[in-house]
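Just below is one structure, and these are the notes that go with it.
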Amino acid sequence: MTAALTLANLTKSFGPAEIIRGVDLEVAAGERHAVIGPNGAGKSTLFNLISGAFPPSGGQVLLRGRRISGLPAYAINRMGLSRSFQVTNIFQNMSVYENLRCAVLWSLGYRYTFWRWASRLRDVTERSDELLQLLHLEHTRDTPAGLLSYADQRALEIGITIAGGAEVILLDEPTAGMSHAETDRAVDLIRRVTENRTLLIVEHDMGVVFGLADRISVLVYGEIVASGTPEEIRGNPKVREAYLGEEAV
Amino acid sequence: MMQPGFLRSLLPWLAAILLLALLPSIFPSRTAFSVMNAIGIQLVFALSYNMLLGQGGMLSFGHAVYFGLGGYGAMHAMRLIEAGSLDFPVFGLPLIGFAVGLIAGAVIGWPSCRRSGVPFAMISLGIGELVAAAGFMFVSIFGGEEGISGDRMVGVETFGLSLGPIKEVYWFIAFWAFVAALAMWAFTKTPLGRLSNAVRDNDQRAQFIGFDPQRVRYLVFIISGGFAGLAGGMSAVNYEILTPETFSALVSGAVLIMAFIGGIRTFYGPILGAALIVVMQSLLSDYTEAWQFYIGILFMVIVMFAPGGLAGLVERVRLAIQRRELAEVAPTWGLGVSAALAMTLGMIILVELVFRWREGSEPMELLGIPLSHSEILPWLLALLLLGLGSVGLRQAPKRWGRLLRGEAP
Amino acid sequence: MEVIVFSALNGLLYGLLLFMLSSGLTLIFSMMGVLNFAHASFYMIGAYLAFTLSSGIGFWPALFLAPVLVGLIGALVERYGLRRVHSHGHVAELLFTFGLAYLIEEAVKLIWGKLPVPYAVPDSLDWAIFTLFDTTYPAFRVFMMVVATLMFIGLWLLLKKTRAGLMIQAALTHPQMVGHLGHNVPLIFMLVFGIGCALAGLAGVIGGALLVTEPAMAFTLGPIVFVVVVVGGMGSLTGAFVASILIGLLQTFAIAIDASLADLFALVGIQVDPKGELTGITLAQIAPMLPFILLVLILIFRPRGLMGARES
């Protein structure tokens, strides 16, 4: 069975600096896969490579067996891969509702339509309302996204990412900067929205990682040093030494 | 199925129709019609410009190109109608302008829209200069320095309008201004309109929801060019002459100033801006030579202190009324407004004094009081007003700042 | 032969004037990422101030005083105006400097009037420095070329050899880092903007005497300066130098050669109407357009410019 996402000998250099040094990874369909690693390991760069923000220097990224590396980001997104951002990356001057509405358009078949009113597109409004409820953001429906509280913005961030119904979802530190309660809510949301989908998540919060992930990979200096189930990772001495040393899990 | 929100949003448009119908009775003079026609043309142009700037986040220094090309298209069509080789009503010429603007936008927009932000602005400047120069070179199309002229009283009459007297031209302008504004407003509510907002706010994220930002920008550019061309067509009929000056950076700069002063963050802002600038141009130029300077100052004040423009201020007041906090903020606002007025008056007096001192012309009269530039008193008065004004503005800084930024208190 | 030599000299002259103007803009852009639309306006202020000052205190004192004054005005503009809009992004900055350019032009009209002012070459430099092919070449022009070259060398040394220069180059690619290194960034911005404007002012003192000093001078020269900076590569001093000379020579030779499209066809043996509208277009006619054609092409195909480092 083809893996949902395959990274084959992926490398990326910026000038003389080699950030990603040959990453091989396979994420099975429906799997929840966490990528952890110390700061500067290249996790965000990895996400950027997979989602098409820039092309790799070498190697390939395959989505359900089809090559996506080198394609522009919007093309990759249309093929069913969506990502969130570590630093909240929403449409700050538009209302929450508008943010979600724009995010559902392509997946419902609407292209650069200018001959119909957006509010008349029943399937669009239905899906947007659905998402609003799912994210518990009904009370902020008409608020400009830039004025939301941090936690609400992060929820919207996730919302925009999953709105299009992508099969493979990349979440980049979704709970960064959240309190315990907010983190719990976020994890609950993530679990709900990624049911039957493939999830690749970068996280620093070990509680979230071990609670959510089916498999974990550890990225250190641009290479994967270990990959396996949470138990395997927890017990791996290399990983402990490189990364988990300070944290008692 | 009509929703209540839809009916409510229709209300301003119905009010607009009423206003357009009543205006000729309120202001029946020739000058008034001339001004109102100019406003009608400029508001369509400014709205088309704001499709790029306010809604799409694209700063263009060369929008006059599409206005001019549309205008020339309409003008040539008008001459063909006059010659009998084209069977098309003059009343419909703005549509020809629209078509020419669309095509021009498509052709020129293709290389332009590959970039955004500052490079886009620079490309638009370069192309504007190119077309402006080409305008003077190709005499058979653009008429050289004298331009091309035509006669609007030819061909088939529509709606019983011969388009001879200026009042009849008013109805023509009012019709097209309304139709164009309505169309552009409707556009903002379409998916593409929304997407252009998204691309403006975050073009990287727009990619990650499946849309090519370049494509969005290009389509918006084309449509915006179309409406600019429509305004050009209106202008061709109204003034019956078009010269290559239409392509100049001055015209491009003027529409930028209009849209920005009016307020680029709301739909109707550019309408306010167009009206204000046209009025200032026609009325103030009789009283002072420095009216362009005042416009410049107004523009700078808005850029620095009220980037939402006049419409932003209006919205802020509306917000206060909605939240029933008018009584609470009124004293601070009152202080701020009077301080601003004092500063404005002081500045005007100072500017006029300087001007008259240099020109050696007769002393000015303010409300019947002569203020001579050769005496020290008026200068002191000006400085005093400026000083008082700035003190007043410093007294209510926080709330004043919030008012102008359109933020919540 | 004579035509070629004088065209080369004049092209060089024009190119160097463009360089003097664009050097300050390059500096400001390198450091602050701001494309100062009003840069040519400071050039204009320099010319007008020099005019007013030189009628009082003579040309040479004005040569030194006027740029300083312009620099001060620039610093004030940065401190009280530009700084406010800095946080709103580059487009907002462009709008600000655009409005500033408009305002300065109107202010100049207000203070000095709409007609050109008689700012001319001073007597001390109004002699023929050499004679070539029976035509004399004015000393003032050579003076200008010397000043421009000195400017280039001076700025180049500043940027490459001093610590301040290294910092400016660093700021080109990593603006935030410079702040993190502990430098007082707002003060530096103010100084850099002021110096950039002072350079424009100096160009104005000389250029105003060479060409006409009138309110439209900023408007005619401004866009070409942008072309220079963009074509040369935003932030590259050498690029600006090369681009200025290139454009100066290009335009001057285009006007001098004055061949038409018909002549071009004739070269390959095709006879077309030399007076026809399209085929009669001469190089001289499109000369003013050449810089902008170059601008558009570069922005589309190589937005980095000839030697630039930062893609805007």
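What's the average, rounded to a whole number, of partner chain beta-carbon atoms within 10 Å of each residue's beta-carbon in A:118-128?
Numbers: counts 8, 6, 5, 2, 0, 0, 1, 0, 0, 0, 0.
Going residue by residue through A:118-128 and averaging, the value is 2.
For residue C:109, give me every one of the aspartates and glutamates with a C-alpha distance below 19 angstrom, ignoring sequence neighbours fewer than eight places off in its own chain.
B:286, B:289, B:352, B:359, B:362, C:214
With the dipole of the protein assembly as shown worked out from charges on the C-beta (+1 for Lys and Arg, -1 for Asp and Glu) around the Cα centre, which of C:196, B:67, A:25 lies farthest toward the positive end?
A:25
If you plug each phi of segment B:132-141 into the Karplus form 6.51 cos²θ - 1.76 cosθ + 1.60 with θ = phi - 60°, what whole-Hz ³J(HN,Hα) values come out, in order, with x for Gly and Pro?
4, 5, 4, x, 7, 7, 8, 5, 5, 8
Against the longest alpha carbon principal axis of chain A, how many degrees, from 0 to 90 and to the nearest 10, is the axis of helix A:96-105 turned?
80 degrees
What order, most packed first, do the peptides B:163-171, B:24-32 have when packing is the mean number of other Cβ atoms within 10 Å of each residue? List each step's numbers first, then the result.
Details: B:163-171: 17.2, B:24-32: 10.9.
Final packing ranking: B:163-171, B:24-32.
Would you kindly derive the ³J(HN,Hα) couplings of segment C:113-118 from the backbone phi angles with the Karplus curve 6.51 cos²θ - 1.76 cosθ + 1.60 (θ = phi - 60°), listing them in order in whole Hz, with x for Gly and Pro?
Values per residue, Gly and Pro as x: x, 7, 8, x, 9, x Hz.
Please state the shape class of the protein assembly as shown: rounded when a/c is under 1.5, otherwise prolate if a/b exceeds b/c and oblate if not, all from the C-alpha gyration tensor. Walk me through the numbers on the way to the answer.
On the way: a/c = 1.58, a/b = 1.32, b/c = 1.19.
Prolate, because a/c is 1.5 or more and a/b exceeds b/c.
What's the average, rounded to a whole number, of partner chain beta-carbon atoms within 10 Å of each residue's beta-carbon in A:234-242? Could you put the intermediate results ahead of the total?
On the way: counts 0, 0, 0, 0, 0, 0, 0, 0, 0.
Averaged over the peptide's residues, the number is 0.
Each label point is 7 Å from the Cα along the Cα-to-Cβ direction; what then is the distance between the points at residue B:157 and residue B:186, in nm?
Here the modelled spin labels are 3.0 nm apart.
What does the charge add up to near residue C:218, with Lys and Arg as +1, Asp and Glu as -1, over the other residues with Cβ less than 12 Å from its Cβ?
Working: positive: C:109; negative: C:105, C:106, C:214.
In short, -2.
Using only Cα atoms and rounding to the nearest 10 degrees, what angle (0 to 90) does helix A:122-134 make with the longest principal axis of chain A?
Taking Cα atoms only, the helix is inclined about 50 degrees.
Pairing the Cα long axis of helix B:326-359 with the longest principal axis of chain B, what angle in degrees results, from 0 to 90 and rounded to the nearest 10?
Long axis of B:326-359 versus the principal axis of chain B: about 80 degrees.
FRET efficiency for residue C:128 and residue C:301, Cβ-Cβ distance as r, R0 = 45 Å, nearest 0.05? Before the final figure, lay out the partial values.
Working: r = 44 Å, r/R0 = 0.99.
Efficiency for this residue pair is about 0.50.
Compute, for chain B, the length of the dipole vector about the Cα centre, with Cβ point charges of +1 (Lys, Arg) and -1 (Asp, Glu) only. Units Debye, rounded to 20. Mind dumping the intermediate values first?
Numbers: 25 positive and 24 negative charges, 382 e Å.
Here the size comes out at about 1840 debye.
Taking the Cβ of each residue in C:1, B:304, C:167, C:32 as the centre, tally the other Cβ atoms inside 10 Å and list the residues starting with the fewest.
Details: C:1 6, B:304 19, C:167 16, C:32 23.
In order of increasing Cβ crowding within 10 Å: C:1, C:167, B:304, C:32.
Say R0 is 60 Å: what FRET efficiency, to the nearest 0.05, do residue B:279 and residue C:157 get from their beta-carbon distance?
Details: r = 54 Å, r/R0 = 0.91.
That pair, residue B:279 with residue C:157, gives E of 0.65.
Taking amide hydrogens as modeled 1.01 Å from N in the peptide plane, which residues meet the under 5 Å criterion relative to residue A:19, leaving out close sequence neighbours?
Those qualifying (amide H under 5 Å, at least 5 residues apart or on another chain) are A:12, A:13, A:14.
How do C:88, A:33 line up, fewest other C-beta atoms within 10 Å first?
Values: C:88 14, A:33 21.
Neighbour counts put them in this order, fewest first: C:88, A:33.
Can you give the average number of partner chain beta-carbon atoms within 10 Å of each beta-carbon in peptide C:105-115, as a whole number?
Details: counts 3, 10, 6, 0, 5, 10, 4, 1, 3, 1, 0.
Per residue, the average neighbour count from other chains is 4.
Any idea how far the Cα center of segment B:24-79 sits from the one of segment B:317-393, in Å?
Taking the Cα centre of segment B:317-393 as reference, the centre of segment B:24-79 is 32 Å away.
So if I place +1 on the C-beta of Lys and Arg and -1 on the C-beta of Asp and Glu, and nothing else carries charge, what would the dipole magnitude of the protein assembly as shown be about its Cα centre? I want it in debye, nearest 20.
Values: 63 positive and 67 negative charges, 346 e Å.
That gives a dipole near 1660 debye.
Arranged by the count of other C-beta atoms within 10 angstrom, fewest first, what order do C:145, B:122 take? Mind dumping the intermediate values first?
Numbers: C:145 18, B:122 28.
Neighbour counts put them in this order, fewest first: C:145, B:122.
Among DSSP bridges having both ends in the protein assembly as shown, what percentage is antiparallel? Round to the nearest 5. Please list the in-between numbers first.
On the way: 33 of 49 bridges.
Bridges in the protein assembly as shown are about 65 percent antiparallel.
Given H placed on each backbone N at 1.01 Å, which residues far from residue A:220 in sequence or on other chains put an amide H within less than 5 Å of it?
Amide H neighbours of residue A:220: A:225.
With a Förster radius of 30 Å, plug the Cβ-Cβ distance of residue B:288 and residue B:18 into 1/(1 + (r/R0)^6) and report the FRET value to the nearest 0.05.
Numbers: r = 34 Å, r/R0 = 1.14.
My answer for the efficiency is 0.30.
Report ³J(HN,Hα) in whole Hz for each residue of segment A:179-189, in order, from the Karplus equation J = 6.51 cos²θ - 1.76 cosθ + 1.60 where θ = phi - 60°; Gly and Pro get x.
3J(HN,Hα) across segment A:179-189, in whole Hz: 6, 4, 4, 4, 4, 4, 4, 4, 4, 4, 4.
Using mean Cβ contacts within 10 Å as the protection proxy, how do B:42-55, B:378-391, C:289-302, A:158-171 order, highest first?
So the order, starting with the most tightly packed, is B:42-55, A:158-171, C:289-302, B:378-391.
Would you be so kind as to identify which of B:96, B:11, B:177 lies farthest towards the positive end of the dipole of chain B, taking Lys and Arg as +1 and Asp and Glu as -1 on Cβ and the Cα centre as origin?
B:11
What's the local net charge at residue B:374, with K and R +1, D and E -1, over the other residues with C-beta under 15 Å away? Intermediate results must be reported in sequence, preceding the final value.
Numbers: positive: B:356, B:358; negative: B:352, B:359, B:362, B:365, B:375.
Result for the local shell: -3.
Under 1.5 on a/c is rounded, so check that first for segment B:64-192, then, if it is not, pick prolate when a/b is larger than b/c and oblate when it is not; a ≥ b ≥ c are the square roots of the alpha carbon gyration tensor eigenvalues.
Values: a/c = 2.52, a/b = 1.35, b/c = 1.86.
Oblate, since a/c reaches 1.5 and b/c is not below a/b.
So if the hydrodynamic radius of chain A is defined as the Kirkwood radius over C-alpha pairs, what does Stokes-Einstein give as its diffusion coefficient at 20 °C and 1.002 mPa s, in µm² per second? Please report the intermediate quantities before stating the final value.
Numbers: Rh = 18.8 Å.
The estimated diffusion coefficient comes to 114 µm²/s.
Once you have a ≥ b ≥ c as the square roots of the Cα gyration tensor eigenvalues for segment C:1-93, tell me rounded if a/c is under 1.5, and otherwise prolate or oblate according to whether a/b is larger than b/c. Kindly include the intermediate steps, with their values, before the conclusion.
Values: a/c = 3.49, a/b = 1.37, b/c = 2.55.
The shape class here is oblate.
Bear in mind these aren't lab numbers, they're just calculated from the coordinates by the rules spelled out. For clarity, every value in this text was computed on a predicted model and none was experimentally measured. Neighbour counts are summed over all protein chains in view; Cβ atoms, including those assigned to glycine, are modelled from backbone coordinates with ideal geometry.
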